[in-house]
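The values are calculated or read from the model by the stated rules, or taken from the named source; none is laboratory data. Keep in mind the model is a prediction, meaning the values are calculated, not measured. A quick note on method: Cβ atoms are made from the backbone with ideal geometry, for glycine too, and the neighbour counts reach across all protein chains shown. SASA here: full protein model, heavy atoms, side chains in, ligands and nucleic acids out. Shrake-Rupley method; radii C 1.70, N 1.55, O 1.52, S 1.80 Å.
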Amino acid sequence: MDLHILDHRLRVTSICKNGLVNFTHPLIKLIFLRKRTRCKFFSLTETPENFTVVLDEEGFKELQPSEHLQVEGSVWLPLNVISNGNASSSSQAVGVTKIAKSVIAPLAQQHVSVFMLSTYQTDFILVREKDLAVVIHTLEEEFNIYREVGGEYSAVLSQDVRNGFQKNGKEAPQPTVHPVLIPPNQFCVMSLDPDTLPAIATTLIDVLFYSSSPKEGALPSQDLDCIKFFSFSLIDGYVSLVMDTEAQRQFPADLLFTSSSGELWRMVRIGGQPLGFEECGIVAQISQPLADSDISAYYISTFSFDHALVPEEDIVSVTEMLQQHRKEPAC
């Protein structure tokens, strides 16, 4: 398999809910007016706590410093795995499950923290720029590694990173097994032709910026355990959306497209309290058991918590699996 180090230098930020009004103009510009910015990597995810915004350095310039904006201090680099151009068959697990054993687990063992962003098109593994030498050294036996510069890929040779190379200290300690929450929402993973973004602009703005406000005459949610989760990504010209079925009903059905199976997904939300960026093994806690059972999963990290989406028909077995995983003694 090939591992591509993409030509983006990313920042991971958080906008608090009560400060969103200060950022509506730059966010609308980044979503709908991409030709007026040089931003090529943009992702916005709303959770009950905040808005997580992951974007490249050109996009980051659009966000003015504010008491309502938190910025993780590192520069992150996105990686993705290419299976030598071979498309996976529909019977194979998809998403983070495919890379759990070959990427996620080895990096966790070397104390490399990862930030995952699954989209409709692919899975991005974000690593800190300062950890790149460790990443290459750890994965070079499993992958042909290439780095993108100006749209061209060149092979990364092991000797290119060995000068000054040092591991991140000892191997990572046994990771904390975090509690999980499984809300009742059903979720969809979809895409959209970027040229049709103007056609859904009003709906998208309403869902992103006004959906937290109760609408006149609206009935309270029938299930108070449902959580608000909406993710929009515009990366290298490709749009990806993750939303629950309630939000999906607000969009014109003929513009959004999903996989031919049109399957629904359920969420596993990881963390009883906000997770730290320094901790390693959080993604592995979920992805490894899913990989062992060949269960598909999309994985979206946010500033405070992590989220895995699994097929609805697998949620019972996933729940039982994770409960058993929590009971197992640490090695």
Item to check | Charge sum, other residues only, whose C-beta stays under 12 Å from Ser301's C-beta, Lys/Arg counted +1 and Asp/Glu -1 | outcome: -3
Item to check | Inter-site label distance for Glu148 and Val94 at 7 Å from Cα along Cβ, in nm | outcome: 2.0
Checklist entry - With every protein chain left in place, what is the accessible area per residue of segment 1-125 in square angstrom, probe 1.4 Å? => result 42
Item to check | Label-reachable residues, segment 178-198, where backbone N falls under 20 Å from a point 7 Å from Gln70's Cα toward its Cβ | outcome: 178-181
Checklist outcome for this item: Per the rule of 0.36 nm per residue minus the C-alpha distance, extending Thr24 to Asp193 adds in nm 58.6 nm
Item to check | Percent RCO, i.e. relative contact order, over segment 268-331, from Cα pairs under 8 Å lying at least 6 residues apart | outcome: 36
Item to check | Simple label model, 7 Å out from Cα along Cβ direction - Phe277 to Gln324, nm | outcome: 3.7
Checklist entry - So which of Lys98/Lys130; Lys29/Lys101; Lys35/Lys101 end up more than 28 Å apart by C-alpha? => result Lys29/Lys101; Lys35/Lys101
Next on the checklist: In whole percent, and with a 1.4 Å probe on the protein chains, what portion of the accessible area of segment 1-67 is carbon and sulfur?
Outcome noted: 48
Next on the checklist: I want to check the label-to-label distance for Asp206 and Ala155. Put each point 7 Å from Cα in the C-beta direction and report it in nm to one decimal.
Outcome noted: 5.5
